[in-house]
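All remarks here apply to the structure that follows.
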Amino acid sequence: MNLTKVVDSMIEKKMTFNEELSEKLYEKFFSAEKELKTIVETGATFQKELKKIVSVLKETGEDTSLHTNTLMEQMSKLSDFEGANELKDIVKVIIDDTDKMQAQSQKLESKLEESTFKIESLQSNLENARIESRTDALTNIGNRKFFEEKIEEYVTNHKKLGHDLCLILCDIDFFKKFNDNFGHQIGDQVLKVVAHVIKKELGLQGSAARYGGEEFAILLPKAKLGDAIELADHIRKVISERIIKNKNTGANFGRITMSFGVASMNANMTADDLIQKSDSALYLSKANGRNMVQSELELDQVVDGKQSA
């Protein structure tokens, strides 16, 4: 389904357009298209370079064949010569012909080096484009597409290798009011601050992404549930200590708080199951007053409480 059909369908259903929905539409219809265009252009240039290499190789092969024939003709004359002058002429032809072969060989080497350099540059450009297509432009951390690829990778490792896996979903408290009261520019600043803190405190322990709007996701491969809860609470405290100020006027916009939901993977779960469990824990965090960390442990207590009632 193309973008026009999707928009027409939304209008027909009287759905409301918002910032998060716009981002999802962009990711679906434009981000992938940009990456595909880059791949196609890179492939065409790559093919052009390979044709150039083949052309040089063919030319060199034909020239080498001609040189070989010439040398063989001159070599056959060695048995017929009568004096030194004839020998000198023969040797001169051989030397000249060898020089030609050497020059052609150098030409081939130079062309190959040039083409190799261009191909390496193209590969680097393609990798940069791939990274860019998986990076959130505002916060400079992974986007939803990056998250979906990473969670599938980690879930596969969990099932094949038995690695632990935890997911933290976190949401900025009352972000809409923040946007409405101070404007989207300040809201963007808040998102950048949160992303910076998450990236810094996470380090090399896992992968972080902007999951959508004001929601972020942190994947922790090889982490136990207790460690994930501890990291989530640490990030919560660091963020709650940040004060957002206007860089120009110094105006104080207050502190940021976030709610967190933490869940771990088990053998019978899918990626969607892990997301759902973490999201339920996040919802519980909001329901219990926000600015806190709730996990699957609290979810189990709620279920047990309902069962015993």
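A few comments on the model shown:
- Residue, nearest to residue 172 (Cα to Cα), within region 211-252, restricted to residues that are part of a loop (DSSP other than H, G, I, E, B) and out of contact with any strand residue (DSSP E or B) (no Cβ under 8 Å at 6 or more places or on another chain): 213
- One residue from 150, 145, 159, 176 being free of Cβ contacts under 8 Å to residues at least 60 places away in the same chain and either surrounded by 18 or more Cβ atoms within 10 Å (Cβ to Cβ) or of a type outside the set (Asp, Glu) (or both): 176
- Filter pass, residue 107 being surrounded by 13 or more Cβ atoms within 10 Å (Cβ to Cβ), more than 30 Å from residue 213 (Cα to Cα), at pLDDT 65 or above and touching a helix residue (DSSP H, G or I) at 6+ places or on another chain (Cβ under 8 Å): yes
- Check on residue 267, assigned to a loop (DSSP other than H, G, I, E, B), surrounded by 14 or more Cβ atoms within 10 Å (Cβ to Cβ) and either touching a residue at least 24 places away in the same chain (Cβ under 8 Å) or out of contact with any Lys or Arg (no Cβ under 9 Å at 6 or more places or on another chain) (or both): no
- Exclusive hit being acidic (Asp, Glu), open to solvent by 10 Å² or more (accessible area, probe 1.4 Å) and at pLDDT 95 or above, set 230, 241: 230
- Residue count, region 216-228 (criterion: within 15 Å of residue 293 (Cβ to Cβ), touching a Leu at 6+ places or on another chain (Cβ under 8 Å) and not hydrophobic (A, V, I, L, M, F, W, C)): 1
The values are calculated or read from the model by the stated rules, or taken from the named source; none is laboratory data. Model, not experiment: these values are computed from the prediction. All Cβ positions, glycine included, derive from the backbone under ideal geometry; neighbour counts span all protein chains shown. SASA here: full protein model, heavy atoms, side chains in, ligands and nucleic acids out. Shrake-Rupley method; radii C 1.70, N 1.55, O 1.52, S 1.80 Å.
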